[in-house]
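Participant: Take a look at the following structure, please.
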Amino acid sequence: LISRKNQSADTVVTFGNVSIGGNNQPLIISGPCSVETVDQMNAVGAHLQTEGIRLLRGGAYKPRTSPYDFQGLGVEGLKILSETAKKYGMTCVSEIVRPEDIEMSCEYLDVIQIGARNMQNFELLKEAGSVKKPILLKRGLSATIEELLYAAEYIASRGNSQIILCERGIRTYEKATRNTLDISAVPILKQESHLPVIVDIAHSTGRKDIMFPIAKAALAVGADGLIIETHNEPAVALSDAKQQLDLNQFSTLLKQLRESGYLK
Ligand code: PEP
Ligand code: MN
């Protein structure tokens with residue numbers, strides 16, 4: 001269903017006043033790694049609104065490596081995210097980790113994210129296929145391109161073809177970046193499938209100092225959007241402190257991308 005052979009035209013995924021894929025301008029998805037407090041989300045939301053960002057992210061169910069790390073606010077986090085997005089005229093996306101939470105989350109979210117660690121959680125994929133919300137599907141930590149496409153096919157096979165694919169880096173022996181961004185995945189995914197493809201430049205690199213060249217690379221190979229984590233005070237963020245841009249750094253990055261013609 002998701003193959004180019006089955007449909008030659010690009011799928012455009014639409015929610016609220018936002019469309020991604022096809023001839024649409026690249027969509028910038030931004031917001032903190034985790035929803036922490038109402039004040040934090042207001043600070044980030046207000047700033048992103050001034051930059052014209054239309055899709056706000058923020059994790060409420062955090063799949064953390066250590067059980068002792070911040071696990072997210074759960075449904076309270078979804079509520080804060082959703083209210084912040086409404087307040088600033090944005091739509092919102094957040095990760096859901098349990099099949100039984102998918103339906104509940106539709107009340108709060110415009111887009112449901114399936115994270116890298118759950119890319120092959122087949123019961124979650126089937127449930128995501130049964131709702132009428134777009135799904136942002138991230139590539140697994142060590143998943144091949146083919147496995148990502150089959151995961152998307154699980155969702156589509158249950159009746160939901162509003163899917164956005166996300167390259168977020170894969171695990172290799174390289175330690176200079178958090179993950180190795182597989183830039184060739186973007187044109188390959190776009191050839192093999194008609195779905196929009198985005199690049200998460202935060203989780204793939206895990207470092208702020210190369211965001212501009214990596215963002216340019218992603219857009220140059222045809223990405224339909226970017227995920228860029230932002231926080232009002234990254235140094236004290238409860239997760240991914242090292243890779244979240246502060247609000248000024250985010251504005252500088254957007255300015256650089258606009259000035260170099262990569263963004264309008
Ligand atoms: C995220 O985007 O919040 C996240 C946890 O990323 P990933 O699933 O790609 O690790
Ligand atoms: Mn994160």
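Participant: Out of residues 5 or more away from Q113 or on other chains, whose amide H comes under 5 Å of its own, with H placed 1.01 Å from N in the peptide plane?
Facilitator: S94, E95, I96, L136
Participant: Round to a whole angstrom and tell me the spacing of the C-alpha centers of the stretch 199-224 and the stretch 111-172.
Facilitator: Between the Cα centre of the stretch 199-224 and that of the stretch 111-172, the gap is 20 Å.
Participant: Do any trypsin sites (Lys or Arg not before Pro) in the stretch 150-241 lie in a loop, going by DSSP, with at most 10 other beta-carbon atoms within 10 Å of their beta carbon, and if so which?
Facilitator: Here the trypsin sites (Lys or Arg not before Pro) that fit, given the DSSP loop and packing criteria, are K175.
Participant: Neighbouring Cβ atoms within 10 Å as the yardstick, rank I145, I227 fewest first.
Facilitator: Fewest-to-most Cβ neighbours within 10 Å comes out as I145, I227.
Participant: How much of the DSSP beta bridge set in the chain is antiparallel, as a percent to the nearest 5?
Facilitator: Around 15 percent of the beta bridges assigned by DSSP in the chain are antiparallel ones.
Participant: Using amide H atoms built 1.01 Å from N in the peptide plane, name the residues 5+ places from T230, or on other chains, whose amide H lies under 5 Å from its own.
Facilitator: Those qualifying (amide H under 5 Å, at least 5 residues apart or on another chain) are G31, C33, L245.
Participant: Pairs of Cα atoms under 8 Å, at least six residues apart: use those to get the relative contact order of the stretch 1-125, whole percent.
Facilitator: 20
Participant: Can you classify the chain as rounded, prolate or oblate using the Cα gyration tensor, where a ≥ b ≥ c are the square roots of its eigenvalues, rounded means a/c under 1.5, and otherwise it's prolate if a/b beats b/c and oblate if not?
Facilitator: Judged from the Cα gyration tensor, the chain comes out rounded (a/c under 1.5).
Participant: Report the relative contact order of the stretch 26-259, percent, no decimals, based on alpha-carbon pairs under 8 angstrom and at least 6 residues apart.
Facilitator: It comes to 18 percent, rounded to a whole number.
Participant: Further question on the same structure: Please say if the stretch 1-117 is rounded, prolate or oblate, where rounded means a/c under 1.5 for a ≥ b ≥ c the square roots of the C-alpha gyration tensor eigenvalues, and otherwise the choice is prolate for a/b larger than b/c and oblate otherwise?
Facilitator: oblate
Participant: Can you give the longest stretch of the chain with no exposed loop site, where a site means chymotrypsin sites (Phe, Trp or Tyr not before Pro) in a DSSP loop (not H, G, I, E or B) with at most 15 other C-beta atoms within 10 Å?
Facilitator: My reading of the result: 71-172 is the longest stretch.
Readers should treat all values here as calculations from the given coordinates under stated rules, not as data from a laboratory. Everything quoted here is computed from the prediction, not taken from an experiment. Counting neighbours? That spans all protein chains shown, and the Cβs are built from the backbone with ideal geometry, glycine included.
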